[in-house]
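Each value in this text was obtained by applying a stated rule to the coordinates, not by laboratory testing. Quantities reported herein were computed from a predicted structural model and do not represent experimental measurements. Ideal geometry is used to build each Cβ from the backbone, glycine not excepted, and the neighbour counts take in all protein chains shown.
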Amino acid sequence: MQEREQLKSRLGFLLISAGCAIGIGNVWKFPYMTGQGGGGMFVLFYILFLLVLGIPIMTMEFAVGRASRKSPVQAYYQLEKPGTKWHIHGYVALIGNYLLMMFYTTVAGWMLYYFYLTATGKFVGLDADGVGNVFNEMLSQPGIMALCMIIVVAVGIFICSIGVQSGLEKVSKFMMVALLIIMIVLAVNSFFMSGAKEGLKFFLVPDVARMKSVGVGRTIVFAMNQAFFTLSLGIGAMAIFGSYIGKERSLLGESINIAFLDTFVAITSGLIIFPACFTFGVDQTQGPSLIFITLPNIFNNIPLGRLWGSLFFVFMSFAAFSTVLAVFENIICCGMELKNWSRKKSSFVNFIAITLLSLPCVLGYNLWQWDGFKVFGGTVLDFEDFLVSNLLLPLGSLVYLLFCTGKNGWGWDNYMAEANTGKGLKMRNGMRFYITYILPIIILFIFGFGIYDKFFS
């Protein structure tokens, strides 16, 4: 058995893990929910729930990975008590990683395509309807979407095939640093728009009246949901990177740093988007159409719009691609350990597998449209997203929690010993009651609310 690879630096670990958490939802969902939920009030609730909900579970995923030095599947075999069946969740988590990539590679392909369109001036001279038609035309052309998806898969798999340090870590560090720089440049540019003051006030200033109009309870629940889902916990996406790091630093401090980076990107996205929306009188609640229809229209009508638009879609491509790389690494590592494959063989097999598995999402917008998906949102993508976001992430997080706290699992003492190894902030035994008994109830509430909101609200 070859010696397990390690990440070269602490910075690499932090940026890769943050890259896994940072995704498309940071760009449109967080700003919209912040604005509607009372601005700064929502942010305060979000940070509170991030601390008491998301971060403890992140330490558990990291602890399981670091203690076992294995992939999320093999980690359970390494740590579970004889005769128990915790390892079943390892396979479910692996399925979750595949499911996530079955639609995320397509969305990442959209970002690449829109960077190409913006950089080459394809939007120049188009009116609002013309820009909207570009998005609809893309969805109706399976060839273009498939090509962009295959490029994403091929490049991502190739980078991971090089190795943890030489491929994944080196590229992720570059992308994340570039992403942060581009975001700051775009945010500074937004400050000079005529609607910047109004947009920033809407986004950041606490507005209790606006929160009450939405509903205080609803705002709190949405802040709880956002804090939980933003970190991509429950399918082993963080556990794999825990298996690549040393024991020099405790896991609570590292988890807080990653959550901070994720939140920084989310807030900075709002600083980019809201001034533009208020300058041009745009509804900021449009979700994905904001990115692919409204913002290209805005870039089409501002000085140096082609430059700013290109930078924006580079940023979006990096945000999407950082998640793709992280999940690919998880999948490839599982293949290596379960099948005893080399990294290159696992990479090749998974290139074929992920490409084929991603085709239903591509075809779901054109050749494979089906009314049965309307209950989930209308497309194959919506169905796949529902399975990951509403089922596998919350229930998977619950499994990690029970495994790390239950007597029949790994156990509280083992978890605490691993989480607190190294320099930095420590978990406290005084947290035990909350984490063991209260936190599972909160997760089950989030799961139940997600199902209710999807089908009955």
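For the chain, max minus min Cα coordinate along each principal axis, in Å, sorted largest first?
Here the Cα extents, ordered largest to smallest, are 66, 51, 44 Å.
Taking every pair of alpha-carbon atoms in region 192-283, give the share separated by more than 17 Å as a whole percent. Can you show the working numbers first?
On the way: 2771 of 4186 pairs.
Beyond 17 Å sits 66 percent of the P(r) for region 192-283.
Taking Cα pairs under 8 Å and at least six residues apart, what relative contact order does the chain come out at, in percent?
Working: 719 pairs, mean separation 153.4, N = 457.
Result for the chain is 34 percent.
Taking 0.36 nm per residue of separation and subtracting the Cα-Cα distance, what length does fully extending residue 283 through residue 178 add? Before the final figure, lay out each step's value.
Working: separation 105, 0.36 × 105 = 37.80 nm, distance 2.89 nm.
Residue separation times 0.36 nm, minus the Cα-Cα distance, leaves 34.9 nm.
What ³J(HN,Hα) values, in whole Hz, does the Karplus curve 6.51 cos²θ - 1.76 cosθ + 1.60 give for region 435-447 when θ = phi - 60°, with x put for Gly and Pro?
Calculated HN-Hα couplings, in order: 5, 6, 10, 8, 4, x, 5, 4, 4, 5, 5, 4, 4 Hz.
Which percent of Cα pairs goes in each bin when the distances of region 349-434 are cut into 10 angstrom slices starting at zero?
Once binned at 10 Å, the Cα pair distances of region 349-434 give 15, 26, 21, 18, 18, 3.
So for the pair residue 407, residue 95, with labels modelled 7 Å out along Cα→Cβ, what separation do we get in nm?
Between residue 407 and residue 95, the label points sit 3.1 nm apart.
Tell me which lysines have Cα within less than 30 Å of residue 29's Cα, excluding those fewer than 8 residues away on the same chain?
122, 170, 173, 197, 201, 212, 374, 454
Taking the alpha-carbon centroid of each part, what is the distance from region 190-223 to region 14-61 in angstrom?
Between the Cα centres of region 190-223 and region 14-61 lies a distance of 16 Å.
Mind ordering 303-310, 59-66, 357-364 by average Cβ neighbours within 10 Å, highest first?
Ranking the peptides 303-310, 59-66, 357-364 by packing returns 59-66, 357-364, 303-310.
List the lysines whose Cα sits under 27 Å from the Cα of residue 81, skipping any in the same chain fewer than 8 residues away.
Partners found: 70, 247, 339, 407, 426.
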